[in-house]
Ligand SMILES: [Zn+2]
């Protein structure tokens with residue numbers, strides 16, 4: 001009799017565990033721990049450190065969305081010589097780590113930051129999210145303006161250009177707004193020298209944006225030629241600030 005009750009209790013318990021409510025609770029818990037599980041994010045660290053060593057390859061014209069453009073450029077640097085390629089690379093790796101911790105699959109457009117490498121070209125960067133059906137793509141850059149006092153970040157999103165960006169310009173705008181909000185919330189100033197002062201720029205001349213079939217933005221995180229921005233960009237804590245903001249933007253955008 002006692003063992004019969006034990007069996008009955010076990011059956012009831014197992015029955016309870018197998019109910020949809022329990023499975024749902026377990027899934028909700030997993031989602032809370034890894035909210036980006038199943039999401040694919042492409043990060044594009046602008047330029048390659050060695051681009052300046054390969055001028056012929058870098059100047060070769062490639063498709064950029066209805067017109068052709070040089071494969072890539074060398075990027076800029078701080079007055080102290082810290083290259084944009086290295087800045088973009090270091091922040092990208094921090095963002096990657098944060099997103100992976102949240103469960104996302106993260107793909108990069110380049111896997112090294114080296115003087116003996118070049119590219120990829122803007123057409124490859126532009127298409128990087130398409131085949132993997134990424135949820136979004138963010139291209140990371142630093143600007144290089146010599147205008148006095150020019151500082152701050154700006155986010156660039158594609159305009160509506162059929163047949164290139166008509167499918168992505170709306171969600172890309174939303175991603176741009178989330179990116180701007182997240183950077184502002186971390187105390188990064190909005191650019192005072194470009195993009196009309198609101199930190200948002202819409203452009204039709206960038207292959208990296210034009211060739212994307214997934215929502216995408218390019219972010220110029222600061223002006224590398226400005227000493228105050230350069231300070232943030234060259235210090236680990238400053239780069240962590242950018243990375244935290246970008247990870248927040250991705251989370252917000254993906255809901
Ligand atoms: Zn750049």
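Read-outs: derived from the displayed coordinates by stated rules, not from any lab. None of these values were measured; they are calculated from a predicted model. Because the Cβ atoms are built from the backbone with ideal geometry, glycine has one as well, and the counts that use them run over all protein chains shown.
Cα axis of helix 169-185 to longest principal axis of the chain: angle in degrees, 0 to 90, nearest 10?
So the inclination is approximately 90 degrees.
Dimensions of the chain along principal axes (Cα, Å, largest first)?
Answer, in whole Å and largest first: 87, 39, 37 Å.
Kindly give the semi-axes, whole Å and largest first, of the ellipsoid equivalent to region 44-194, taking each as the square root of 5 times a Cα gyration tensor eigenvalue.
Values: eigenvalues 99, 90, 65 Å².
Taking √(5λ) for each eigenvalue gives 22, 21, 18 Å, largest first.
Measure off 7 Å from each Cα along the Cα-to-Cβ vector at residue 25 and residue 161, then give the distance between these two points in nanometres to one decimal.
Here the modelled spin labels are 5.3 nm apart.
To test your reading of the geometry: what angle, between 0 and 90 degrees and rounded to tens, separates the Cα axis of helix 236-254 from the longest principal axis of the chain?
The two axes meet at around 60 degrees.
Using the number of other C-beta atoms within 10 angstrom as an exposure proxy, rank 231, 141 with the fewest first. It would help to have the intermediate numbers written out before the result.
Numbers: 231 13, 141 25.
Final ranking by Cβ density, sparse to dense: 231, 141.
Any idea what angle helix 20-33 forms with the longest principal axis of the chain, computed on alpha-carbon atoms, 0 to 90 degrees, nearest 10?
30 degrees
Helix-only estimate, please: 222 nm mean residue ellipticity of the chain, summing -39500 (n - 2.57) across DSSP H runs of length 4 or more and dividing by its residues, to the nearest 500. Intermediate values should be presented prior to the final figure.
Working: 9 runs with 107 residues, N = 255.
Helix-only estimate at 222 nm: -13000 deg cm²/dmol.
Which FRET efficiency value, to the nearest 0.05, is calculated for residue 170 and residue 97 with the Förster distance at 41 angstrom and r the Cβ-Cβ distance? Numbers along the way, then the final one.
Details: r = 30 Å, r/R0 = 0.73.
The value I calculate is 0.85.
I need 101, 34, 137 ordered by Cβ neighbour count within 10 Å, fewest first. Intermediate results must be reported in sequence, preceding the final value.
Values: 101 12, 34 15, 137 31.
Lowest to highest Cβ neighbour count: 101, 34, 137.
Rank-order 70-76, 103-109 by packing density, defined as the average count of other C-beta atoms within 10 Å over each peptide's residues, highest first. Don't jump to the answer; show the numbers that get you there.
On the way: 70-76: 20.4, 103-109: 18.9.
Packing order, densest peptide first, comes out as 70-76, 103-109.
Rounded to a whole number of µm²/s, how large is the Stokes-Einstein D of region 142-255 at 20 °C and 1.002 mPa s, given Rh as the Kirkwood radius over C-alpha pairs? Provide the component values of the computation, followed by the final result.
Values: Rh = 14.3 Å.
Answer from the Stokes-Einstein relation: 150 µm²/s.
Could you order the peptides 55-67, 114-126, 188-200 from most to least packed, using the average number of other C-beta atoms within 10 Å per residue?
Numbers: 55-67: 15.0, 114-126: 19.9, 188-200: 17.2.
Ranking, from highest mean packing down: 114-126, 188-200, 55-67.
Could you tell me whether region 93-170 comes out rounded, prolate or oblate from its Cα gyration tensor? Rule is a ≥ b ≥ c as square roots of the eigenvalues, rounded for a/c under 1.5, then prolate if a/b exceeds b/c, otherwise oblate. Numbers along the way, then the final one.
Details: a/c = 1.43, a/b = 1.08, b/c = 1.33.
Here region 93-170 falls in the rounded category.
Determine the shape class of region 30-73: with a ≥ b ≥ c the square roots of the Cα gyration tensor eigenvalues, call it rounded for a/c under 1.5, and otherwise prolate if a/b is greater than b/c, oblate otherwise. Display every interim value, and only then the final one.
Details: a/c = 6.87, a/b = 2.37, b/c = 2.90.
Oblate.
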